[in-house]
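Bear in mind these aren't lab numbers, they're just calculated from the coordinates by the rules spelled out. These numbers were taken from a predicted model, which means no experiment stands behind them. Note: ideal-geometry Cβ built from the backbone for every residue, glycine included; neighbour counts use all protein chains shown.
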Amino acid sequence: MNEEQRHEATETPAQNPGQGIRLPAPTATPMLFALGLSMVFAGLVTHWLVSSVGALIAMAGAYGWWRQVLPHEQHVRVPLQDPEKRALPVEARVGAVDHLQLGEGGHRVRLPADMHPYTSGFRGGAAGAVAMALVAMTYGGLFQGSIWFPVNLLASLLVAPPAAGEAALRAFDVANLGIGLFIHASLSLLVGLVYAALLPMLPGRVALWGGVVAPCLWSAVAWTSLEVLSPEMAQHVQWGWFVVSQIAFGLAAGVVIERAERSQTMQTWPLALRAGLEAGGGEDA
């Protein structure tokens with residue numbers, strides 16, 4: 001940085017009222033580079049395509065980051081507000097400062113301050129399981145001629161696929177039905193529990209995060225990893241309907257969990273209440 005740039009960067013609004021303040025230009029390239037590196041390492045345990053896409057993203061992020069700082073740092077000039085809209089000068093006052101005590105006045109150090117009960121996660125997972133099963137049965141009845149095709153296909157994760165091929169996948173099998181229902185229910189309840197823990201910490205609408213973003217992310221992971229875990233199963237999966245079924249799960253689970261009454265966490269309570277002691281005056285024991 002030359003002397004003129006250093007002078008402009010240290011100027012105050014009063015010293016430079018007409019031109020604004022020179023600040024470093026905002027950029028998302030470091031985050032893009034970090035995302036690419038994460039995908040490179042994730043591809044080592046999923047699919048080479050994930051690593052390839054991650055390498056391209058990382059190189060694009062690294063190049064953009066390099067161009068932001070070399071050979072010269074990129075800057076933007078932020079215009080100053082009109083004098084009547086600027087903040088008033090801070091007046092110094094001499095006096096004591098009140099210090100917060102732990103648990104006093106809603107003071108908290110962790111997020112979130114309230115959360116969905118775990119039971120809402122199980123209810124949301126069950127609702128999502130029903131919605132996903134309806135979509136899967138619709139696909140099986142319309143395109144495979146059997147509503148048992150999806151559950152038999154799911155059961156092939158734990159048992160060897162039948163030698164008869166698709167004809168056996170369309171047939172009713174009690175053992176495959178039990179195994180498929182066990183896998184489906186277990187995964188649905190666990191994902192519902194994760195939803196209940198994560199949704200209060202995500203900004204924006206639940207329908208976006210729980211119904212679109214999360215299902216699309218784990219659908220992509222399933223698509224890249226299923227070739228390794230069960231190549232025979234991957235050959236029979238119709239990925240368009242698979243994504244639709246995951247979105248149905250996410251929307252149903254998210255709506256049920258979001259409508260549940262939240263419980264306040266105990267982090268804002270005084271120490272005596274958190275310890276289960278009866279202390280008068282709200283003082284910590």
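Just to be sure I understand the curve: with the Debye formula and one point per C-alpha of region 10-76, what is log10 I(q)/I(0) at q = 0.17, 0.21 Å⁻¹?
For region 10-76 at q = 0.17, 0.21 Å⁻¹, log10 I(q)/I(0) is -0.66, -0.80.
Relative to the present Cα-Cα distance, how much length would full extension add between Thr27 and Gln238 at 0.36 nm per residue of separation? Provide the component values of the computation, followed by the final result.
Values: separation 211, 0.36 × 211 = 75.96 nm, distance 3.89 nm.
Residue separation times 0.36 nm, minus the Cα-Cα distance, leaves 72.1 nm.
Full-extension gain between Leu70 and Thr265, please, as 0.36 nm times their residue separation minus the C-alpha to C-alpha distance.
Values: separation 195, 0.36 × 195 = 70.20 nm, distance 4.78 nm.
Full-extension gain reported as 65.4 nm.
Might you report the magnitude of the Cβ-based charge dipole of region 114-264 about its Cα centre, with Lys and Arg at +1 and Asp and Glu at -1, to the nearest 20 debye?
Magnitude of the dipole: close to 300 debye.
How do Ser186, Ser230 line up, fewest other C-beta atoms within 10 Å first?
The order, fewest Cβ neighbours first, is Ser186, Ser230.
Convert each backbone phi in region 211-218 into a coupling constant with the Karplus relation 6.51 cos²θ - 1.76 cosθ + 1.60 (shift: θ = phi - 60°), then list the ³J(HN,Hα) values in order as whole Hz, x for Gly and Pro.
Per residue, the Karplus-derived 3J(HN,Hα) values read x, 10, 5, 4, x, 5, 5, 6 Hz.
Extension gain Arg93-Leu217, at 0.36 nm per residue separation less the Cα-Cα distance, in nm?
Using 0.36 nm per residue and subtracting the Cα-Cα distance, I get 39.3 nm.
Taking every pair of distinct Cα atoms and averaging 1/r, then inverting, what Kirkwood hydrodynamic radius in Å comes out for region 114-264?
Evaluated over region 114-264, this radius sits at 15.9 Å.
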